[in-house]
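Engineer: Below is the structure I would like to discuss, written out as structure tokens.
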Amino acid sequence: MRGEYLLLLLLSLGSVAALDRVAGLGVLRQGRRLAVALGPVAIAILLWDLLGVERWGWSSNPDVLLGPYGLAGRIPLEEFLFPIVVGVCALVLWELTGKRLGEIADRKGGAAGARPGHGRPAARAGE
């Protein structure tokens, strides 16, 4: 189906955006931090894709792509979005996991098992 890849990316992003909102994580409200965290990785992945296209003849299935290409017609739109979407999904799930582990540790009455920054504050050396 034409545009299937983009549709799957948008569904993935939409589902974690809903999860971020319902769980009260606020990951998607931190645009600058997201850009700093995901920007360099996205650039590296795009350069890798470009190298693969140029050197090893990588290609994408045009039947599932929407159509627009960038970088002189070498990389499809969906490949530009892929590292951002996967990175956002990973960060939201990471924060949700940390939040839940902190809540579990709080219910057990201690900081054992809680990650620093989530749940109870980490104890300092000598305390």
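Engineer: Do the sum for the chain: with -39,500 (n - 2.57) for every DSSP H run of n ≥ 4, divided by all residues, what is the mean residue ellipticity at 222 nm, to the nearest 500 deg cm²/dmol?
Structural biologist: That comes out to -21000 deg cm²/dmol.
Engineer: Tilt of helix 31-56 relative to the longest C-alpha principal axis of the chain, in degrees (0 to 90, nearest 10)?
Structural biologist: Long axis of 31-56 versus the principal axis of the chain: about 40 degrees.
Engineer: Pick the calculated Cα Rg over 2.2 N^0.38 Å for this structure from [x] 1.17; [y] 1.39; [z] 2.00?
Structural biologist: Structure-derived value, by its label: [y].
Engineer: Distance in nm between label sites at Ser15 and Gln30, each 7 Å beyond Cα in the beta-carbon direction?
Structural biologist: 2.3
Engineer: Angle, helix 77-107 long axis vs. longest principal axis of the chain, Cα atoms, 0 to 90°, nearest 10?
Structural biologist: 10
Engineer: Compute the helix-to-body angle for 4-22: its Cα long axis versus the longest principal axis of the chain, expressed 0 to 90° and rounded to tens.
Structural biologist: That works out to roughly 20 degrees.
Every number here is computed from the coordinates shown, using simple stated rules; none is lab data. Keep in mind it's a predicted model, so treat the numbers as computed, not measured. Note that we place each Cβ from the backbone using ideal geometry, even for glycine, and neighbour counts take in every protein chain shown.
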